[in-house]
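Below is one structure; the comments refer to it alone.
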Amino acid sequence: MKVFKFLKWFYPGLKVKRWIVLLGSGVFLLALSIARFLLDTLLMLKVLDILLFVLGLVLFILGIRYLIKSFFEVIGPNKELIDIIYEKRYLSRGPRVVTIGGGTGLSTILEGLKEYTSNITAIVAVADEGGSSGRLREEFGILPPGDIRNCLVSLAEAPQLMRDLFQYRFEEGKGIKGHSFGNLFITALTEVTGSFEEAIEESSKVLAIKGKVIPSSLDRIRLKAQYLDGSTKEGEDKIPKEEKPIKRVWIIPEDAKPNPQAIEAIKQAEIIILGPGSLFTSILPNLLIKEITQAICSRKDALKLYICNVMTQHGETDGFTTYDHWEKLIFHTHPNIVNCCLVNCGRLPSHLLFRYSQEKSFPVIPDTYKLREKGILVFEKDVVSRENYLRHDPYKSSREIMAIYGEFKKRWKRLRKK
């Protein structure tokens, strides 16, 4: 069997044999020239031996170069060799990062984080009931694939065409209108493999992602809210539509089991990131799984960073300040859920502010002094994107996250010495 595998190297069309022959010829000429140089006594012959040595060295170098190039054309056809080495060596030594959330906020941050580390685990909420995800959840009895798809695409290293394909949304067609290709792909894989987790894993391979994307729970979770007026509403997509101040939210079933992979990732993490994203419908559904919150709170040596939203969200956080976001977060979880907070202090363009105001969305007021009074480390940085939307810029945000992590490590070392 091993002999048969070895012979595969000599199959036609692999573009390997020619470079092996060139490399072998170079080695042969190098060995021959060195042996002759040691044995020959005439100066003229020694000069010929040196020329033979140079020829052998050239053939050896060319053989090595083109053999490596041939390998990497298969392994990474769209990448330079230095990029592949950088990803395999540098990024694999990056910090172990866990991100927790859902929606656009989580996938945006992942886009930037993958430039610093490949040790990323995205823990994604599974309470989504709206749009394509809600329909597939209802019809096929699977967990909602939409937020997971977005995270997979954000971490993908596959060609842009493949990423665009996963995000493609059908605008017409009976039964498929409104569905994205990626959602249908994950659903089909779930049917074929019999496992939602395995479907995510196989999708990860197709998209060649850096890191892992996992659901926070494998249970079918629903979200319920109570408003300040005492009324309640069930359904993640229905809660904001009431347009009333939310007092609290909880999950059904309240004893939903965490994904064991999520707990293990949190235990190993050096950086745990909550947000950005919808506080009540994207972030809290993960943290209302008791074991997940307990696992985070037990990590005293990890950077536990809350990234506060740039803008309020109508129907969820109307009129909220930075402190209000944090207060609701710990009200539903535990005071030790985070130890740092990243707040945007960048300028917000007036034309975008006007557009957002039409949708009753306004800048989150950064009353950070209240957070500092509670012992939270607050970092006010320009992390906003000003292109088409007022949301976190993935690259600015990730750069600041890594800087905060460096600062946190220094502080932690000083505390341990005391």
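Read-outs: derived from the displayed coordinates by stated rules, not from any lab. Quick caveat: nothing in here was measured; it's all calculated off a predicted structure. Glycine also receives a Cβ, built like all others from the backbone with ideal geometry; neighbour counts cover every protein chain displayed.
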Checklist outcome for this item: The number of residues in the range 133-180 that are in a helix (DSSP H, G or I), among the charged types (D, E, K, R) and in contact with a strand residue (DSSP E or B) (Cβ under 9 Å, 6 or more places away or on another chain) is 3
Next on the checklist: If I ask for residues that are touching a residue at least 60 places away in the same chain (Cβ under 8 Å) and outside any helix (DSSP H, G or I), which ones from the range 388-418 would you list?
Outcome noted: Leu390, Arg391, His392, Asp393
Item to check | Odd one out for Phe331, checked against (1) closer than 28 Å to Pro215 by Cα; (2) under 26 Å from the mean Cα position of the chain (by Cα); (3) in contact (Cβ under 8 Å) with a residue 40 or more places away in the chain | outcome: (2)
Next on the checklist: Against the conditions (1) over 25 Å from the mean Cα position of the chain (by Cα); (2) closer than 24 Å to Cys151 by Cβ, where does Lys413 fall short? Just the number, please.
Outcome noted: (2)
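When residues of the range 115-135 are filtered for being of a type outside the set (Asp, Glu) and buried (at least 23 other Cβ atoms within 10 Å of the Cβ), how many remain?
9
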Checklist outcome for this item: Out of (1) under 20 Å from Arg137 (Cα atoms); (2) surrounded by 14 or more Cβ atoms within 10 Å (Cβ to Cβ), the one Gly173 does not meet is (2)
Item to check | All positions within the range 354-404 that are polar (S, T, N, Q), loosely packed, with under 14 Cβ neighbours inside 10 Å and under 27 Å from the mean Cα position of the chain (by Cα) | outcome: Asn388
Checklist entry - Does Leu329 fit the bill of being part of a helix (DSSP H, G or I), over 23 Å from Pro240 (Cβ atoms) and in contact with a Phe, Trp or Tyr (Cβ under 7 Å, 6 or more places away or on another chain)? => result no
Item to check | Pair list, Cβ < 8 Å and 6+ apart or interchain, from the range 247-270 residues that are in contact (Cβ under 8 Å) with a residue 12 or more places away in the chain to residues that are buried (at least 16 other Cβ atoms within 10 Å of the Cβ) and of a type in the set (Asp, Glu) | outcome: Pro253/Asp219; Ala256/Asp219; Lys257/Asp219; Lys257/Glu291; Pro258/Glu291; Ile263/Glu291
